[in-house]
Amino acid sequence: MNPTILSVDDSSLVRRAVSRAFARFECTIIEAENGEVGLHQTRQHKPDLIVLDYNMPVMDGVEMLKQLRADESLKGTKVIMLTANSNPETVTAVARLGVREYITKPFQEDQLLAKAARLVALVPKATE
Amino acid sequence: MNHTMSTPALAPIVAAAVHNVLSIQFGLVAQPLEKLPAVAAGYAAMLHGTVAMFGARVYGDICLSLPDALADKLVAHMLGLPDTSTASDPDKLDLAGEFCNMLAGQIGAALTGSGYLNDLGTPQVTRVREDAEDAEPFESRFEGGWTCAGLPYSLSLSLRFEPHESDNPQC
């Protein structure tokens, strides 16, 4: 079954860049503009992987992670942090919440895909 | 043990940040300008992104100013669109904020590496510069200009660095 990937970022451009990176693989991409919407999307779609920003209005990435980990049915969801913030306290907080993959913006598609491929099966789309 | 901490030189930190963000995220290069670029006729054609930096020993603002035409190019490069494509206004505003956010992240990481732990706020974007003058004089200010794809932009840092505890034994 093809993985579902949720991109959570307040920047529409970043969400589209993430979607573009995964577009050549057999997967479903969904988006959310903050942690609150991200939690709602997670409960609704049960994504296999979340690509998560930190600094966002309404609810930031760490708060979304805390709520995710507190939910028995969602706590095992795999997460890659994709953020401009490399504050050691944030990195530590994220690591304590079980996230081992941390990408600092700016990012390259290949860097994101390499980390994603460690967590979900990415099958290239058949060429026409 | 020597705890003395000098104020970091901002110019090389900013130059590295500009290079990294433009090359990694947009596949572009920046050429430094000797003088700050003149503000385009009318602020309405300029985008201003600001990210607040806050920490115990460093705080202030990182401000980016760029013309709409450069935002068009950067959006196109970020999304793999034709170089001549025109971005929507929301995309240009988004670009200004995210570009400033990435630059601030790189600068913040370098300052953390120099012992000035900091955190960053959410980017704020305007078309009209609201902070023409600082509310208080900042001890370390940097202003620089570059061209990218033939279009000018500028970056300014207004940061205050607090001395390390051992530099000020009365504290």
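Each reported figure results from applying straightforward, stated rules to the coordinates on display, with no laboratory input. Since this is a predicted model, take the numbers as computed values, not measurements. Cβ: placed from backbone, ideal geometry, glycine included. Neighbour counts: every protein chain shown.
Values for this structure:
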{"item": "Approximate spin-label separation A:Val58-A:Ala126, in nm, with each point projected 7 Å along Cα-to-Cβ", "result": "3.9 nm"}
{"item": "³J(HN,Hα), Karplus 6.51/-1.76/1.60, whole Hz, each residue of region B:89-98, x for Gly, Pro", "result": "4, x, 5, 5, 5, 4, 4, 4, x, 6"}
{"item": "Shielding score for A:11-19, defined as the mean number of other chain Cβ atoms within 10 Å", "result": "5"}
{"item": "Computed label-point distance, nm, for sites B:Thr147 and B:Arg127 using a 7 Å Cα→Cβ extension", "result": "2.7 nm"}
{"item": "Share, in percent, of DSSP beta bridges within the protein assembly as shown that are antiparallel, nearest 5", "result": "65 percent"}
{"item": "Average beta carbon contacts from partner chains per residue of A:102-113, 10 Å cutoff", "result": "3"}
{"item": "Placed amide H near A:Ile29: partners under 5 Å, 5+ positions off or other chain", "result": "A:Ile5"}
{"item": "Peptide A:88-94 - average C-beta neighbours from other chains (10 Å radius)", "result": "1"}
{"item": "From phi via Karplus (6.51, -1.76, 1.60), per-residue ³J(HN,Hα) for region B:104-113 in Hz, x at Gly/Pro", "result": "4, x, 5, 5, x, 5, 5, 5, 4, x"}
{"item": "Tail beyond 26 Å, pair distance distribution of region A:4-119 (Cα, percent)", "result": "8 percent"}
{"item": "Residues A:Arg43 and B:Ser6, FRET efficiency given R0 of 51 Å [Cβ-Cβ distance, rounded to 0.05]", "result": "0.50"}
{"item": "Sequence-distant residues sharing a close amide H with B:Val29 (under 5 Å, placed H)", "result": "B:Ala149"}
{"item": "Whole-angstrom gap from region B:19-35 to region A:32-82, using each part's C-alpha centre", "result": "33 Å"}
